[in-house]
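The values are calculated or read from the model by the stated rules, or taken from the named source; none is laboratory data. Source: prediction; values computed, not measured. A quick note on method: Cβ atoms are made from the backbone with ideal geometry, for glycine too, and the neighbour counts reach across all protein chains shown. Quick note on the areas: whole protein, heavy atoms, side chains included, nothing else; ligands and nucleic acids left out. Shrake-Rupley method; radii C 1.70, N 1.55, O 1.52, S 1.80 Å.
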Amino acid sequence: MRVQVIVFLYIIAYYMALFIMSGQTEVIVGSFFSLGGIFLSILLLWRASIRIKTNERVFWKWMTAGAIFYFIAEMIYRIYEWALQTEPPFPGWADVFYILYSLACIAALVYIVMQQQKTVVIWQSLWDALIVTCVIMAYSWIYIVQPITYLEEEVLYISILVTYPLLDLVMLFLLLFLFFATNVRRIWLWNIVGVGCFVFTDTIYFVQMMQFHYESNSWLDPLWILSVLMIGLSGYRAKDGDLLFQKREHLSVIKVIFPYVCFLILMCVPFISPDDRIVIACLVFAAGLIFIRQFMTLQENRQLLQRLQILNDDLEQKVATRTRELTYVNEQLAYAANHDFLTGLFNRRAFVTKLEREIIRAKNEQRCLAVIFIDIDRFKHINDYFGHHIGDELIVHIGKVLKEKARPTDIVARQGGDEFTIIFTPLHHIDELRRFVNDIVSISQQPIAVQHLDMRVSLSVGVAVYPYDGETGDTLMKHADMAMYRAKEQGKNQYQFFNGEMDRVILQKTTIETALHEAIEKKQFTLFYQPQFDVQTGELIGMEALIRWIHPKLGMISPSVFIPIAEETGQIIAIGEWVMEEACRQVKAWNEQIGRSFRMSVNISPKQFLKENFVEHIHSVLQQTNLSPNKLDLEITEGVAVFNEQYTIQKLQQLKQLGVCISIDDFGTGYSSLSYLRKFPIDRLKIAKPFIDGITEEKEDVAVVKAIIVLAKNLKLRVIAEGVETLQQLHILRSLQCDEIQGYVLGKPVSAHLFSKTYIENQLLTD
């Protein structure tokens, strides 16, 4: 309320100044109050345009622009009074900006109407606004338009003069429409009061201009400023959502009676001007609007009563149907709780319940049953390549096929994802079960039509038999799951029956996985080193670091056992980092010991290579151990090389910038590609052991090894053969001009102490 009080005190001060002052002082003081009031209105509207964050801010920006136009017009008017000590010509530039003010306000109001036109029924508000407008038009005709007809002035003079009240009426009409169409809001009330004040003031101004009696700095000037300030006050406390059309919870008494009060005012017009046809027309038109408004209200009420009757009639029917619906919903919930939503098969919850019941029945009847686990091979690739909608359709199709192949007594369920389970009951003979699982696996022999695709899928199947493989549901499901994963490990597209060996393997895997954590923490690993020699000179040129795990209870654990588990669990990264640090430290010590430059080869796991900070870790190890980068040889497999060509090239280039050597390990056994040999910055090819094993017996293997050596030399790469175990293999490799050799024929992997004693000290003696 403080701002409102300030505004009214401001206008009172304005009137007092005009009453007290005279002459040029009156002009200056009047200009000060006039421009100051408009400037205050601009600030209030501008604050609203900044504060509002929704689309309503456009309304406040238009209103701010209008106030700025009014300020410019008033400034032009006052400059004439200050500089020339006369009133500006009429019409003139000041009138242009006064009119722009009205147009900006109209644009703001039209914007709100257009933004909200679909959110409310507007006919009643439109009639109310038209009724009020009829009243204004009738009185405007008597006091504004009629006197114009007797005014002998230029058309432009009259047009500009009449534009002011006409634009005020347009603004008032839009405000009345918004007032009647929305909840009573202080924003519209302030604007209506302000524009109403404009209508009154511009009308008096119009009359005075027609009679050539208007004088500047008169009692009209503060009223104009009061009008502008009233509109400015509408934005003082504006916030988001104020201008939205909202459904009214109850009708405002003011809005209900206001059109009728206006009509009563209009009925006084014939007494003022009884013979004027225009006035009578306004009265008749307003009466017609009142009638139409009342008729449409009665129609709306009748429709509401009809709807209420319909709702009452429907209520009893809905109460009756509601019971049926609740019953149906309960049935649906029970179904959904026990069935898979995609395939309609039993879900895991229902499967477990039925399995427990079937086990009790089988135990009582002293018969067998089988639990079958089924998994779709490479289903993730299908989802990745063709999309989940194709994957879902494939799941549905597989479910239907399994249901068709099962016997009426069997229970088919979907565990989730791409896994299905079947309770094969009763089981009378094992051959009957084998035929059934063979029939399931044979699904891969025929293509499956999914939308526009013909897809071939294979299944991995695991089987556990009650009571031999378990006497509880949990045990049978666990063992069937183990057998299914065993089928996947054996190459997929097959079935496996559970046996005790699987349990032992899983137990061993779990034991090793657990022991690996302790081994990493307590540094139970050690490195063995296998020497590498130059084929032609027989000189020791380097060694390969090979990890060994000596467990305090389990003894020596082969890398072929624990490395795959470490790869699967991600522990290989920590192991690989330790190997890298230990190998670099050791080769640095040997090189300093004998003053030679041996090269250390270290195998890099795929997960280690693909780690984001792999290059940074290599750089850090080289700095810590002070090892020359060219004395470190990183061996990567072909699978890592082709995992992501661009990513691999980028990482290999970063390693080459460090100065380390890079070798392709087990070349020829993986995803051999001549293209990446040309693209990747590598230094050596390491021929896989299977080729070396066959060069003494198979001519084809000799040809392959020779081709690899020739290819490498043409690409300016060195070649090392690993797994050389006989002198005959050594002679053949020497004749094929292989560069380097590694194998049992010249040296087995040994501990650092034994390697130092056997090879390093021997080098000192040789030197």
**OP:** Please work out the FRET efficiency for the pair ASN364 and ASP313, using the Cβ-Cβ distance as r and a Förster radius of 60 Å; give the result to the nearest 0.05.
**Re:** 0.55
**OP:** Can you tell me which of 321-334, 560-573, 677-690 comes out highest on packing, and rank the rest after it, using the mean Cβ neighbours within 10 Å?
**Re:** 677-690, 560-573, 321-334
Original post:
Can you put PHE346, PHE59 in order of accessible area, largest first, using a 1.4 Å probe?
Top reply: PHE346, PHE59
Subject >> Where labels lie 7 Å past Cα in the beta-carbon direction, separation of LYS699 and LYS553 in nm >> reply: 5.8 nm
Original post:
Compactness ratio of the range 589-669: Cα Rg over 2.2 N^0.38 Å, N = residue count?
Top reply: 1.14
**OP:** Under a cut-off of 18 Å between alpha-carbon atoms, report the lysines in cross-link reach of LYS656, not counting same-chain residues fewer than 8 places apart.
**Re:** LYS611, LYS631, LYS679, LYS716
Subject >> Alpha-carbon gyration tensor eigenvalues x 5, square-rooted, for the range 415-464, Å >> reply: 25, 14, 8
Subject >> Convex hull volume per residue in cubic angstrom - Cα atoms of the range 546-621 >> reply: 110 Å³
Original post:
How big is the antiparallel share of DSSP beta bridges in the range 523-616, given as a percent to the nearest 5?
Top reply: 75 percent
Subject >> Directionally averaged shadow of the range 479-593, computed from the convex hull of its alpha-carbon atoms, nm² >> reply: 10.6 nm²
Original post:
Taking the Cα centre of the range 573-650 as the origin and placing charges on Cβ (Lys, Arg +1; Asp, Glu -1), which of ILE594, ALA583, PRO606 is farthest toward the positive end of the dipole?
Top reply: ILE594
Original post:
Which value, in Å³ per residue, describes the convex hull spanned by the Cα atoms of the range 380-437?
Top reply: 83 Å³
**OP:** Work out, step by step, the length gained on full extension between LYS656 and ARG357: first 0.36 nm times the residue separation, then minus their alpha carbon distance; give nm to one decimal.
**Re:** 101.1 nm
**OP:** Please list the radius of gyration and Dmax for the range 34-74, considering alpha-carbon atoms only, with Å as the unit.
**Re:** 10.3, 32
**OP:** Taking the Cα centre of the range 570-618 as origin, sum charge times position over the Cβ atoms of Lys and Arg (+1) and Asp and Glu (-1), and report the length of that vector in debye to the nearest 20.
**Re:** 200 debye
Original post:
Per the Kirkwood formula on distinct C-alpha pairs, the Rh of the range 680-739 is how many angstrom?
Top reply: 11.4 Å
Subject >> Under-19-angstrom lysine pairs by C-alpha in the range 441-594, whenever the two are 8 or more apart or on separate chains >> reply: 7
Original post:
Which lysines have a Cα lying under 27 Å from the Cα of LYS61, excluding residues fewer than 8 positions away in the same chain?
Top reply: LYS53, LYS118, LYS239, LYS247
Subject >> Prolate/oblate/rounded call for the range 559-699, Cα gyration tensor, a/c under 1.5 rounded >> reply: rounded
Original post:
Going through the range 647-750, which chymotrypsin sites (Phe, Trp or Tyr not before Pro) have at most 15 other Cβ atoms within 10 Å and a DSSP loop state?
Top reply: TYR671, TYR744
Subject >> Anchor LYS689: lysines whose Cα lies under 20 Å away (excluding residues fewer than 8 positions away in-chain) >> reply: LYS699, LYS706, LYS713, LYS748
